[in-house]
Structure formats: structure tokens, C-alpha cells
Amino acid sequence: YLGFVFGNTVHAAATLIAIFLAGLGIGGYLFGRFFRKVRPLRLYAVLETAIGTIGALSPAAFELLDRLYVSVYPAVADAPAALSLLRILFAALFLLPPTILMGATLPVLVREFSGERLGSGRAVASLYSANTFGATAGVALSGFILIPTIGLTATVAAAVGLNLLLALGAAILSFRRAPELPEEPQTPAGAERKGIDRAWPILVASFLMGLSSIADEVFWSRILVLHLGSSVYAYSLMLFCFLIGIAIGSALVFRVISGTRVRRLLGTLEILLAITLALQVAYFTRFADVLESLAAASGARDAAGAFFVLLAATLSALLIPTAIMGATFPLVVRLYGVRAGRSETRSVGDVYLANTVGSIAGSLLAGFLLIRLLGSQNGLFAMAIINLGLGAWFLLSEAKGRGPILAVATGGAVLILSIILVPRDAVILSAGMFVDSEAPVLLFREDVSATVTLRELAPGNLSLELNGVNVAGTAPDLIGTQKLQGHLPLLLHPDPKSVLHIGFGSGGTAWAVSLHPVEEIVIAEISREVLEVSGSMLREVNHGVLDDPRVEAEINDGRNFVLADPRKFDVILSDSIHPRYAGNGSLYTKDYFELCLEKLAPGGIVSMWLPTYSLTERNYLMILRAFQDVFPNTTVWYVPNSPNAFTIVIGRTEKGAIPFGRLVAGIQGEVGEELAAIGIADAYDLAGALMIDPAGTAWLTEGTGPHIDDVPAVEYESGRLIDREMSWLTNFLLVARAMSPLSRAFSGVPDEARLEEVEAMRSRRVRDHLEWIVSQMRRERGGI
């Protein structure tokens, strides 16, 4: 939801995560320290009621936040620091109240079980484990079932219902007569201060544990996304595995925490974690083989089987280290309580805050600095060094002798050997897509927003990829699409002066636009790395268009820019990456198209790149229906230069058929030469690229509901597709069957006979391309 307002840039996401974590830590600290005289279950009922109430009001709050952000954005748009501060302020206003209340629930329930006495740690271990198992279930339910089935609003409503049910249950239980728990013994004056002086290093250790754990999660996500893909399911799966390990670890430690030497156990676990991370780096270099072996053993043929393989493989890599992380939190709470002479309730609040501050630092440090400076592989090694240092401190300050020294030396030796023996960046470059000898990696960079690679798939065919997803390239089908995407809307508009281009890619579309007499070209690109790499390595495609004085490049999420920027444009080119990938579906919804309409000047045009591959028929039609609901004068086009899996959808606010004379006048000079390079010699050939007119689009989408923000079906339904070629074929057939007569789409055609010839040629070309697609499928499937 907040991505709709603030965008999905890495900076915006990091801001939201940091504030969310901060709220949890603040709540844990405040409610662990205060509210001692209130019966815990009654307080818990109030907390859950408040959380549920805020959740119920959140849809209205989102609308208010949206309006506030849009109203203030123009004043800070040119000042990145001020814009970041604005996002922090608005996100804090929205997120801190509920997250502070959420963070309060753990110490409040700990007080119910342990009161104000010195505890054994069992209350923290059991509640932390149960809560994290619940978080795991929440991730699974929302990420795999509720959001794709009932939508975002209904999922929030379900969560609100659970909050209120918890509140009711706690209120009922609070009226039973509970035995009084003994109070914490009174300590002499100054004794508490002395205890804190002895215990503050434990809080520093908790801070470092939180830092290293979340940094590890950042590095794991960077590595695993190259194997699991960038779907919403991949991210849900990674979070699920991270949480389930933590829950299991805290559940296991519950059985031993009251009768163990806590400091020694903590030291042993931290050294084991360092060793595990060192060995895990080597394991990640063979992760592609693990996936292949599991797939072969399971015989997975559908989405469910594929998810099982991905889950099993991810758990094999993450379960042990995350279980160790989960075991350490209750142990640190108990150790801190003993050293500081504080109750389990007070201890959990203090440790929770220190751990959360460390988590925030780890997220920001890893995401914005260590990824770029060290890379994911060396980042994991750096965190292992922190864990080894913590383990050495816990062990060597607890007991003397050969045992602790030998444990630390063993951990250090394993870590050093792993650093020496594992080749540099092997955890990234061992992913299946990078080991193809026929597609060598020309450029590799781990940067703030993504892992960036440039590969040569074939001579002259370069592919620019972010996290393994193609975002640009020089293949003939991509070049043809970029040229048509850039030229077509400019030719259809009577007098275009200002253009907004969302998604730079390799820059071919922006270059095509620059050949027209426009005055302003604004490019909204979410990844700075795309601009840098394309600007330097793909100049044969973009011809250095970023140096054009008419071009203004904005590093921002395209939807966020359309939402907040007050300018109007004659033409908007929506050229984002595939809608099936996480975060991209929001650029293919009716809500987004309505935002585009608001940003159009009179007579404006919106052009949308819409792939036919890796989309279900239903999802393709849902996107098309959403677009046509906003732009009734919608046409669908197909690049004729080579068989390809792309369509271009044009929405005109101008009514009526396309004036043919406008095409004739526009295809001159450099524009004519550009189009001739993709088989379009004149206006008649360009007319032959049209597949479906507005009446045909209405007929094709009749009975299909539009794709909307609240039910992001495309990311979830098409995210389960595993047969790329079959979806390409079925959607191409869908478009082919709806082909409209060209005479109905254009007005003022001087040579109707020539147009009929072009229409016949279009039919032959479609048949040829269909046969080519089928032949490709047969070749890849062994002649079937």
C-alpha cells in the first residue's frame, strides 16, 4: 500500500522498513519499562483493540497520506534530502502508532507470565517463538492465499478481525482470578545503577546481533533472487524461510534456557553461526546444482511442484543460521536480566530496543554501503567476523582453559579458509543464468538497487539485466519494439511538445522520441544503474540521448512520479519491465492508468508496452480491459520486423479514427529512416502494424474485469506460470483472432486498395509468425 504512495525505489523501501522496525523497538522498550500497575491481559486487550482500530481506519489514512504527499511533493522534488525527510516524516506519522503498539505486545505478555521478578527466560523464549511462528503463518497466508484471492483491503480487514478477536479473548481471560506474582526484590540504592554498568555490554552485543542478522537477510535476498526469480512468491518464500528458522530456534532454546550456562551457550552459538555462514558461502556456489537435483528428484512439472523445490532448497540454506539467530534473542534477554538485576519484562524491552536499532543499522548499512563496497559474498564474511567476535567475547570472558580458545580458533580457521578458497563473487556468478558459456557476462556490478549484469546472448545481442531480469537489450525484436514504442505515439499526436518516458531501458525508445520536434523529454527510471550502464555500454542503441539538452532524467519509481509530479504531458510512454515481477504490476492497473490520464494535456496519448509471454490469457485481458476502461479509444499494435512476444497498446484521448494524413506527414527524414530499419517503409506499412482497433478491443475484453490495485492478480497468477512459450502462443492467438479491419481504424486514406493489400500482408505475416512460434516450441520440446 505504501509503495503506491512513496514508490518502490530502494530508498523508499528502506525508509519504510526502518520506521517499521523503529516502532517495534520503541514499543517494546516503553511498555517493558512503564505501565507496571495495569493488569497485563487487560492492557494487551487495549493494545490489540487499538491496533485493529488503526488497521480499520488505514484505507482512509492511505487516501489522506496520498493527498498530503502529492500536495507537498512539488516543493521538495528538486531537493533529494528534503524529499527523503518528507518521506520519513509521513511514513512515521502513519507507521509509528501501530508499530509501537505491536512492539508493546511482547513485554506486556511477558509481564503476564513472569511479573516483575527475575525470570528464567522461558516466558520470552516461548512467546517470541509463538509470535514468530504466527508471523510465518501471516506471511504464508497473505503472500500466497489472501492477497491474490480476496485482495489487499479484505486482507487488512481479516487482520483487523484477528486483532479484535485477540482483544476480546484477552479481555475475557483478564477477569479470571490470577495468582499474584511476587514482586522484584527491592535493591539497595545505587545497586540498579551498578547492575546497568555491568550489563550495558550485553545491549551492545544485542545491537550487533540485530545488525548482523538483518544484514545477512539483505545479502541472502540478493543471492537467492537470482535463483528464485523476482516474483512476489520468491520474496514471500524468502521471508517465510527466514522467520520459520527464527521461530524454530527460539522454540528449541525454550527447553534448555532455565538450566544452562547462558553466556557459554551464547558464545558457542555465535561461533557456530560464524562457521555456518562461512560454509554457507561455499554452499551458495553450488545452489544451482541443488535446485536442479531437487527438481529432478521431485519430478516437478507445475507451479506447486516448483514452489516445493524452491522452498526445500531455500530452507536447506537458511534454516540452520536463522535457527541459531532465533535462539540467541531469549538467551540475551536472560543474560541481561541477570547482569542488570532486572525483571524479565524490563529486560525484554531493553534488549528488544537495542536489537531493533541494530536491525535498522544492518538494513541500511548492508543495503546502501556494504553491497556496493564489499558485495554479498564478502558481506556475509564480514557478518561472520562479527559473530565470531561476539562468540569469542562471550566464551573467553566466561571461562578460561583450552576449550573456549579451541572453539574460537576453529571458527576463525574455517572462516579464513572459506575466504581464501571461494572465488570472488562466486555466490552471484554461480547462478544458472551466469554460467552459460554461450552467453558470457560482459559486466557485473552489485549496486544499491540491484545486481546489474550485461550479457551477450548472441553476436550483437546484448541483454541488460537487473537481478537476472532483462530490462533492455539489442536483440532485433527489442530494437523493433523500442523504435515503434517511441515513434508511434508521437506520430499519432497532432503536435507533441512534452513527453514522459517511464523506464529508460537501453534508451532506444528515448532516442526515437528525440528525433521528433519535441521540447521536453522527462525520463523516470527507478534504477540509476540502468542509466549508467545503458549510457556507457549501449550507445549504439540510444546514441547518447541522455546528453540531449531536452532530456531530464529522474531517479524515481514511475508510478510515484506520475502520482506526485504536477506537470502535464502530451505523451506518456509507460515502458516498465514485465508486470509479473514483484512491484511492477502496479504499473498495469486501472488506478495507474487513471493517474496517467490526469497527467495528460488535452489531446494527450498514453502508450503501454504489454508483453504476450509469461502472462495468462486472463491477465493479458485484465490489463487490456483496465486500459480501455480509462482510454476508450484504445488500439493494439504489433512490431512487424520479426516474430516477437510484445504488443504496444495506445490510448488516445482524441476521439474518432486515426487521421491517416498525420502518419504520412510524420514519416519523413530520420523518422522515416528509423522505421524503414524495422520494415516500415511508409504510412501504409505502419498502418499494417495495427492489430486491434477500439471496437475490437471492447469485443475482446467483454466479460473480463479490469486489473486493479486492490487485487494485484497479475503478479500472483502470472507469477505461477512456468511455460513461457505456451503463454506467448495463446496470447498471440488471442490478439490474432481479434484482428480488426484496417479501414475501420483509419480515416482519410487516399488509396483504399493499397490498404487492403497491407491488410492481407498483415494476415500472412501473423500466420508466418504463428508457425515460427510453434516451430520454436517443437524444437525446445524435442519435436512434440
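The values are calculated or read from the model by the stated rules, or taken from the named source; none is laboratory data. None of these values were measured; they are calculated from a predicted model. Backbone-built Cβ (ideal geometry, glycine too); neighbour counts: all protein chains shown. Accessible surface areas use protein heavy atoms only, side chains included; no ligands, DNA or RNA. Shrake-Rupley method; radii C 1.70, N 1.55, O 1.52, S 1.80 Å.
State which residue is farthest from the chain's Cα centre (by Cα) when the search covers only segment 200-227 and only residues that are under 18 Å from residue 239 (Cα atoms) and polar (S, T, N, Q). The residue in question is 212.
Taking segment 615-721 as the region of interest, the strands (runs of 3 or more DSSP E) fully inside it that hold 1 or more residues being at pLDDT 95 or above and under 22 Å from residue 541 (Cβ atoms) are 633-637, 646-652.
Pairing each residue of segment 521-545 that is on the phi < 0 side of the Ramachandran plot and in contact (Cβ under 8 Å) with a residue 40 or more places away in the chain with any residue that is acidic (Asp, Glu) and surrounded by fewer than 19 Cβ atoms within 10 Å (Cβ to Cβ), provided the two are 6+ apart or on different chains, yields C-beta distances under 7 Å for 522/552; 522/554; 529/447. Restricting attention to segment 25-38, the residues that are hydrophobic (A, V, I, L, M, F, W, C), assigned to a helix (DSSP H, G or I) and surrounded by fewer than 23 Cβ atoms within 10 Å (Cβ to Cβ) total 2. Taking (1) in contact (Cβ under 8 Å) with a residue 60 or more places away in the chain; (2) farther than 19 Å from residue 342 by Cα; (3) open to solvent by 30 Å² or more (accessible area, probe 1.4 Å) in turn, residue 75 satisfies each apart from (1). Contact map, segment 492-509: residues that are closer than 20 Å to residue 689 by Cα paired with residues that are at pLDDT below 90 and not hydrophobic (A, V, I, L, M, F, W, C), Cβ distance under 6 Å, separation 6+ or inter-chain. Pairs shown: 509/575.
For segment 366-417, a tally of residues being of a type in the set (Ser, Thr, Tyr), open to solvent by 50 Å² or more (accessible area, probe 1.4 Å) and in a helix (DSSP H, G or I) returns 1.
In segment 335-355, the residues that are on the phi > 0 side of the Ramachandran plot reach residues that are surrounded by fewer than 24 Cβ atoms within 10 Å (Cβ to Cβ) and part of a helix (DSSP H, G or I) with C-beta atoms within less than 7 angstrom, at least six apart or across chains, in these pairs: 341/191; 341/192; 341/195. Within segment 748-759, being touching a strand residue (DSSP E or B) at 6+ places or on another chain (Cβ under 8 Å) and either among the charged types (D, E, K, R) or surrounded by 13 or more Cβ atoms within 10 Å (Cβ to Cβ) (or both) holds for one residue alone: 755.
If you go through segment 39-62 and pick out every residue that is within 25 Å of residue 554 (Cβ to Cβ) and either open to solvent by 50 Å² or more (accessible area, probe 1.4 Å) or in contact with a Ser or Thr (Cβ under 9 Å, 6 or more places away or on another chain) (or both), you end up with 0.
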